[in-house]
1. All but one of (1) out of contact with any strand residue (DSSP E or B) (no Cβ under 7 Å at 6 or more places or on another chain); (2) exposed (fewer than 12 other Cβ atoms within 10 Å of the Cβ); (3) modelled with pLDDT of 70 or more hold for residue 105; which doesn't?
2. In segment 143-152, what residues are touching a residue at least 12 places away in the same chain (Cβ under 8 Å) and open to solvent by 70 Å² or more (accessible area, probe 1.4 Å)?
3. Please state which of the following conditions residue 16 fails to meet, knowing it meets all the rest: (1) touching a residue at least 60 places away in the same chain (Cβ under 8 Å); (2) farther than 23 Å from residue 98 by Cα.
4. What are the residues in segment 133-142 that are modelled with pLDDT under 80 and open to solvent by 40 Å² or more (accessible area, probe 1.4 Å), if any?
5. Considering only segment 89-102, how many residues are without any contact (Cβ under 8 Å) to a residue 40 or more places away in the chain and open to solvent by less than 60 Å² (accessible area, probe 1.4 Å)?
6. Could you tell me whether any residue of segment 111-130 is surrounded by 15 or more Cβ atoms within 10 Å (Cβ to Cβ), assigned to a loop (DSSP other than H, G, I, E, B) and modelled with pLDDT under 95?
7. Restricting to segment 54-76, name every residue that is under 18 Å from residue 139 (Cβ atoms) and either more than 17 Å from the chain's Cα centre (by Cα) or open to solvent by 40 Å² or more (accessible area, probe 1.4 Å) (or both).
8. Can you find, within segment 14-38, the residue that is nearest to residue 73 (Cα to Cα) among those that are open to solvent by less than 40 Å² (accessible area, probe 1.4 Å) and not small (Gly, Ala, Ser)?
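The values are calculated or read from the model by the stated rules, or taken from the named source; none is laboratory data. Here the structure is a predicted model, which is why all the values come from computation and not from measurement. Counting neighbours? That spans all protein chains shown, and the Cβs are built from the backbone with ideal geometry, glycine included. Ligands, DNA and RNA are stripped out before the accessible areas are found, and what is left, the full protein with its side chains, is counted by its heavy atoms. Shrake-Rupley method; radii C 1.70, N 1.55, O 1.52, S 1.80 Å.
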Amino acid sequence: SIMPQGALVPVRELINYMIVVSDNEATNMRANRVGLERINQAMRELGAGKTMLSHLLAHNVPRILTDWNPEGSNLTTANDLAQLMALIYSNQAASPTSCQEMQAILEKGTDGMVGYYLPLGTRVGNKVGMIFDPECGADVLDVGVINGDYALAVMCNRIGKRKNTPKRDQQEHSLVEEQWKAVRRSLEEIHKTDNLPFYFEVQAHPVFYQEQHRSAG
């Protein structure tokens, strides 16, 4: 749904958007409010030491660089994800009330890879994540808890990667450019008529991220 700039959104609703529909703006709003450093500290405290949120989900935003993450990428591992899910379902990741609310939200989404082949009626709470790259293929992950007591993480890398000929590469690039121009025209029209608050060119809205830029500088 389209919301006016400055609209107040309950935390529970943002978390629902984050988990059920993988809404990046909801994720950015929560991460920007809490702070990336505090999130990463919480990951370390919960035993997910190889998980790091280095930047908000947009281009040209500040990144946190470390010796083990010099590019400032957003990183995680299958073990860390399974650990976090186990803590949520054992009511240890946060307060018992918060953990139970997260469990309810996790069980509202699709079965994903974790629950796809399980018997009908199996209780599955999971979170799917996907990154699409036409050159490198797709990165797809799914982490979930089955029947409340078994945590499983599945991570697949470079799905659908193909070796194209130079001619085919050029044809596909031209097609993508043509389609992207049409999408941008449509988004720009929507942006003008509805005065939308967020980004439509894979670019962070400057007002939204102003505080983040200041703290990084």
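1. (2)
2. Hits for segment 143-152 are 147, 149.
3. Just one mismatch for residue 16, condition (2).
4. The answer is 133, 134, 135, 136.
5. Matching residues across segment 89-102 total 6.
6. Yes, segment 111-130 contains a residue that is surrounded by 15 or more Cβ atoms within 10 Å (Cβ to Cβ), assigned to a loop (DSSP other than H, G, I, E, B) and modelled with pLDDT under 95.
7. Selection gives 57, 59, 69, 71, 74, 75, 76.
8. The residue in question is 36.
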